[in-house]
1. Using 1/(1 + (r/R0)^6) with R0 = 35 angstrom and r between the beta carbons of residue 387 and residue 212, what's the FRET efficiency to the nearest 0.05?
2. Once you have a ≥ b ≥ c as the square roots of the Cα gyration tensor eigenvalues for region 274-346, tell me rounded if a/c is under 1.5, and otherwise prolate or oblate according to whether a/b is larger than b/c.
3. So if each residue of separation counts as 0.36 nm, and I subtract the Cα-Cα distance between residue 322 and residue 302, what length gain in nm does that give?
4. Measure off 7 Å from each Cα along the Cα-to-Cβ vector at residue 246 and residue 172, then give the distance between these two points in nanometres to one decimal.
5. Go through 296-303, 336-343 and give me the packing order, highest mean Cβ count within 10 Å leading.
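Every number in this text was worked out from the coordinates using simple rules, so none of it is lab data. Computed from a predicted structure; not experimentally measured. Here Cβ is always computed from backbone atoms with ideal geometry, including for glycine, and neighbour counts include all displayed protein chains.
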Amino acid sequence: MIPLHFVSNGAIALSYLWIGGVLLLLSSQLYRPGFRLIYWVMAAFILSCGFGHFLEATNNPWAMAWHPVTAVVSLSSAAIISRYRPYLAKVAAADNLNETILDSMAQPLVLVQVEADDLRVAYQNPAAVAGLGRDMTGQLLGEALPSHKTSQGEGRSLLDTYIDVAQRGAVEEFDAYYPGDGIEGWYRVKALPAGPGQALIAWADISDERVSLEAQLFLNEIQRAILEREFVLHYQPIIDLSTGAIAGYEALVRWLGQDGTIRYPDEFLGAIERTALMPALCYLVAELACEELQSWAGTDREGLHMAINLSPLTVGEVDFESRFNSVLDRFVIRRQQLRLEITERDALEEPVIFKVQRLRQIGHGISIDDFGTGVSNIMTLRDYPADQLKIDRSFITNLLTNSQDQDIVKTIVVLAGSFGLEIVAEGVEDAATAQWLGSAGVQYGQGFYWSKAVPLK
């Protein structure tokens with residue numbers, strides 16, 4: 001029969017050994033070095049107790065001698081835990097601060113502890129760091145510490161800022177830009193005191209937020225420029241290829257800043273193409289174009305036309321026709337003088353087609369811009385209320401050396417001729433290309449060969 005003391009001491013020994021093993025396993029998963037050491041000493045004490053009970057269960061003569069060992073381990077464990085008690089309190093404070101600080105910050109990266117004389121990581125947000133890797137944390141600190149540029153301009157070194165917070169006990173918050181490889185972007189930094197000579201630092205990546213903020217500020221700037229009429233028109237001549245004479249102009253918008261700098265459409269149209277500022281700019285362009293057209297009365301330009309671009313967002317507005325007509329009604333011009341250009345990819349939308357049809361009925365010429373880059377089919381093109389196609393410059397740039405582009409242009413000429421549409425070739429940059437287009441049956445050309453877009457005198 002198995003002795004009772006063997007069963008009881010054996011069960012206790014197995015329990016202690018199992019708990020000690022679990023603590024050792026858990027310690028390997030901890031990222032805080034202080035906590036790892038505490039788990040080790042607790043595991044050592046429990047394993048020591050378990051081994052002592054095992055010796056007693058087996059009636060080992062060393063059982064009595066093991067009790068002093070267990071006592072020493074116990075006292076050592078108590079001393080180590082007492083030594084690390086301030087550290088544990090500090091980590092607990094970091095946890096509380098983490099909840100307060102990082103809850104108010106989008107996309108938390110890392111929370112670090114800074115001492116006045118030494119920078120070291122004392123706490124890391126595991127959820128965030130897990131996705132970035134430990135190298136990211138070290139790189140962020142290493143790259144960011146030498147210096148930073150805040151939203152208010154150049155700043156001191158970050159370490160100086162942290163030391164200042166640690167010494168003064170004041171909270172500091174700022175946005176800083178870091179150019180380091182892999183971490184480039186804007187970060188929001190909060191520094192809070194965490195005891196004598198120490199500070200806790202929270203980081204959050206706000207690059208997307210900054211982009212959104214800067215985009216909104218840019219939209220505000222464009223809105224102001226529209227209201228203050230900083231936008232002007234430059235005009236590129238459209239040439240009759242059979243005579244070499246100017247047949248009209250395309251009005252191209254430019255942003256003339258208060259300091260005299262000129263911004264081109266690719267610098268601002270992308271920011272507003274899906275906003276209410278696009279229609280506002282289109283109506284301003286129409287107004288400026290009409291002012292110029294009206295000034296042609298009694299001059300050698302009186303019989304020429306002018307083309308302006310309309311966005312689908314503008315044409316799609318419920319009150320587009322009334323707003324557009326109210327602009328034109330303020331000027332003494334003939335509707336036939338103002339040609340309206342709509343890109344091929346946008347021209348085929350049904351709401352646009354109906355309104356464009358009415359515009360043509362009251363006299364406006366209609367051009368399908370960038371033709372060849374969209375998805376027009378022959379039936380749609382046949383029924384579309386246009387009288388002109390503008391061949392996209394991508395088919396013109398290498399026309400003389402690319403036989404496929406030549407075949408495409410010839411096909412467009414035949415297609416347009418069957419529907420009674422005129423053709424304008426964009427992007428003509430040399431005499432040979434202009435001559436080839438004229439001989440192929442293209443009526444008009446436009447490009448740097450004749451002139452870039454310039455103000456009219």
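1. 0.25
2. prolate
3. Length gained, residue 322 through residue 302: 4.6 nm.
4. 6.1 nm
5. Ranking the peptides 296-303, 336-343 by packing returns 336-343, 296-303.
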